[in-house]
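The values are calculated or read from the model by the stated rules, or taken from the named source; none is laboratory data. Since this is a predicted model, take the numbers as computed values, not measurements. No Cβ is skipped: glycine too gets one built from the backbone with ideal geometry, and neighbour counts run over all protein chains shown.
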Amino acid sequence: MAKIVCVLYPDPVDGFPPKYARDGIPAVTGYPDGQTTPTPEAVDFTPGELLGSVSGELGLRTFLEERGHTLVVTSDKEGPDSELERELADADVVISQPFWPAYLSKARIAKAPNLKLAITAGIGSDHVDLDAAIERGMTVAEVTYSNSISVAEHAVMQILALVRNYLPSHQWARDGGWNIADCVANAYDLEGMNVGVIAAGRIGVAVLRRLAPFDVKLHYTDKRRLPRETEEELGLTYHPDARALARAVDVVSIHCPLHPETEGLFDEKLIGEMKRGSYIINTARAQIVDQDAVTAALKSGQLAGYAGDVWYPQPPPADHPWRTAPHNGMTPHVSGTTPSAQARYAAGTREILEDYLAQRPIRDEYLIVDGGSLAGTGATSYTAGTGTAPGVSA
Ligand code: NAD
């Protein structure tokens, strides 16, 4: 029998379950690449419910306990006295969401001799030391595509919010003002601007597709070039690297995974080479940009705006500079955990557990590390073997 430790974010401050704004969510059965949404044998939740907080339990308790397994759910994840660290000693499986990551450092993996599987309920497994997982022979799996469209929508929203100066204008309205000149002096049309994505994977391409009708000039860079038909269909300009793209555009949206090649990519030098008044939107991972360089560029006006939903660490301290930096449109890490996304990644987590517990192969698209090396999506989107683990706190 397996012991599964699941680290989820805390319940709403007003209690669980919350009062829902809508009575349901649309049913989505397939992804744009033809892959089906998760196909577990069954689910024990109603899509649209809050599943990602502690009391939601990703809808897993009945399924696991009926089969004799042990499920521990906690949000207490930091430091040696945390429930996570105590429960790791005999855990077989750890489940975590990037929004409230259970950092699985080399030291923590060493404290968990039985640990065989780390599941990311969502996408992005940089909170696991992948080198240590490879060394241990663990499997790391995530629910590929489960929230890619959710994130793409959030990125497009934040691009528009920054460029059109939405948040300050809304604040004038809330405060009882009608200061039109103040609202519009730094508001622009997106039409005609050059907009680029760093990485054209599942999210990056979805952002490009959603922006195409805005009559912008679209750019991208990626390690792997898109098919010529896609480039032509969307009118894309390809750049060989992030530097070339950053210098050519007005708006950059970041969509690569965090791994040794991408850590610190947007440093003071690269941000300094962008056009004055550029915008950066980062819904990928915080450490892809230099936190202090972004803050300084917002203060100097080199950047006209910075938005996104990813921070480091998570949760960030109360005095994190991005909470108060000028022209920032940051949200907590929420883009990939709408109830729509939760329904998919909770079902995907169950699918992975069903396969793992029955000793069946896990969907190849879900694999990041398996059998002692990067595998599946991990083999195409990540790099390992450098001895660094950029997203993992010690
Ligand atoms: P994906 O695997 O489909 O795409 C990743 C792309 O990055 C691939 O096309 C790959 O070739 C490219 N890439 C990797 N290294 C690169 C490099 N050095 N330079 C240029 N391109 C590079 O993944 P996805 O579904 O598009 O997700 C991308 C990332 O977004 C995730 O890894 C995760 O970090 C982040 N994410 C965030 C949220 C959120 O809630 N904010 C949710 C989901 C995913």
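Taking (1) surrounded by fewer than 23 Cβ atoms within 10 Å (Cβ to Cβ); (2) touching a residue at least 40 places away in the same chain (Cβ under 8 Å); (3) out of contact with any helix residue (DSSP H, G or I) (no Cβ under 7 Å at 6 or more places or on another chain) in turn, Glu263 satisfies each apart from (3).
Name the single residue, out of those in the range 108-157 being in a helix (DSSP H, G or I) and among the basic types (Lys, Arg), that is farthest from Leu58 (Cα to Cα). Reasoning before the result, please.
Restricting attention to the range 108-157, the residues satisfying the condition of being in a helix (DSSP H, G or I) are 108-110, 130-136, 148-157.
This time we only want the ones that are among the basic types (Lys, Arg), so: 108, 136.
Details: Arg108: 23, Arg136: 27 Å.
Checking each candidate, the answer is Arg136.
Just one of the numbered conditions (1) without any contact (Cβ under 8 Å) to a residue 40 or more places away in the chain; (2) charged (D, E, K, R); (3) surrounded by 12 or more Cβ atoms within 10 Å (Cβ to Cβ) is not true of Asp14: (3). Criterion applied to Asp267, Asp292 was being within 16 Å of the ligand (Cβ to nearest atom) and over 17 Å from the mean Cα position of the chain (by Cα), and the one residue passing it is Asp267. Can you say whether Ala185 is on the phi > 0 side of the Ramachandran plot and of a type in the set (A, V, I, L, M, F, W, C), as far as the supplied structure shows? Judged against the criteria, Ala185 is not a match. Of the strands (runs of 3 or more DSSP E) lying entirely inside the range 1-105, those containing at least 2 residues that are polar (S, T, N, Q) and in contact with a strand residue (DSSP E or B) (Cβ under 8 Å, 6 or more places away or on another chain) are 70-74.
Determine whether Thr230 is within 16 Å of the ligand (Cβ to nearest atom), closer than 22 Å to Ser148 by Cβ, part of a helix (DSSP H, G or I) and not aliphatic (A, V, I, L, M).
yes
All but one of (1) within 13 Å of the ligand (Cβ to nearest atom); (2) in a loop (DSSP other than H, G, I, E, B); (3) surrounded by fewer than 24 Cβ atoms within 10 Å (Cβ to Cβ) hold for Lys275, so report the exception by its number. Among (1) within 13 Å of the ligand (Cβ to nearest atom); (2) in a loop (DSSP other than H, G, I, E, B); (3) surrounded by fewer than 24 Cβ atoms within 10 Å (Cβ to Cβ), Lys275 violates only (1). Confirm whether Glu49 is under 15 Å from Ala341 (Cβ atoms) and surrounded by 15 or more Cβ atoms within 10 Å (Cβ to Cβ). Spelling it out, Glu49 is indeed under 15 Å from Ala341 (Cβ atoms) and surrounded by 15 or more Cβ atoms within 10 Å (Cβ to Cβ). Among the residues of the range 147-167, is any among the small types (Gly, Ala, Ser), outside the structural domain of Ile119 (by TED's automatic domain parsing), more than 14 Å from the ligand (Cβ to nearest atom) and crowded, with 16+ Cβ neighbours inside 10 Å? Within the range 147-167, one or more residues are among the small types (Gly, Ala, Ser), outside the structural domain of Ile119 (by TED's automatic domain parsing), more than 14 Å from the ligand (Cβ to nearest atom) and crowded, with 16+ Cβ neighbours inside 10 Å. Looking only at the range 295-327, residues that are within 16 Å of the ligand (Cβ to nearest atom) and among the polar types (S, T, N, Q) come to 1 in all.
Taken over the range 316-375, the criterion of being within 22 Å of Leu64 (Cβ to Cβ), in a helix (DSSP H, G or I) and without any contact (Cβ under 8 Å) to a residue 24 or more places away in the chain is satisfied by Asp355 alone.
Residues of the range 235-270 being part of a helix (DSSP H, G or I) and farther than 22 Å from Met330 by Cα, which ones? Give the steps one after another, and end with the answer.
At the first step, the residues of the range 235-270 found to be part of a helix (DSSP H, G or I) are 242-248, 268-270.
Within the range 235-270, Ala242, Arg243, Ala244, Leu245, Arg247, Ala248, Lys269 qualify.
Set side by side, the residues Gly137, Gly196 differ, and just one is under 30 Å from Pro260 (Cα atoms) and buried (at least 23 other Cβ atoms within 10 Å of the Cβ), which is Gly196. For the range 96-115, the set of residues classified as surrounded by fewer than 24 Cβ atoms within 10 Å (Cβ to Cβ), over 14 Å from the mean Cα position of the chain (by Cα) and either within 16 Å of the ligand (Cβ to nearest atom) or in contact (Cβ under 8 Å) with a residue 40 or more places away in the chain (or both) consists of Tyr103, Ser105, Lys106, Ala107, Asn114, listed by residue number.
Look at (1) surrounded by fewer than 19 Cβ atoms within 10 Å (Cβ to Cβ); (2) of a type outside the set (Lys, Arg); (3) over 29 Å from Thr338 (Cα atoms) and you find that Cys183 fails only one, number (1). Within the range 214-230, being surrounded by fewer than 19 Cβ atoms within 10 Å (Cβ to Cβ), farther than 20 Å from Ser381 by Cα and under 25 Å from the mean Cα position of the chain (by Cα) holds for one residue alone: Phe214.
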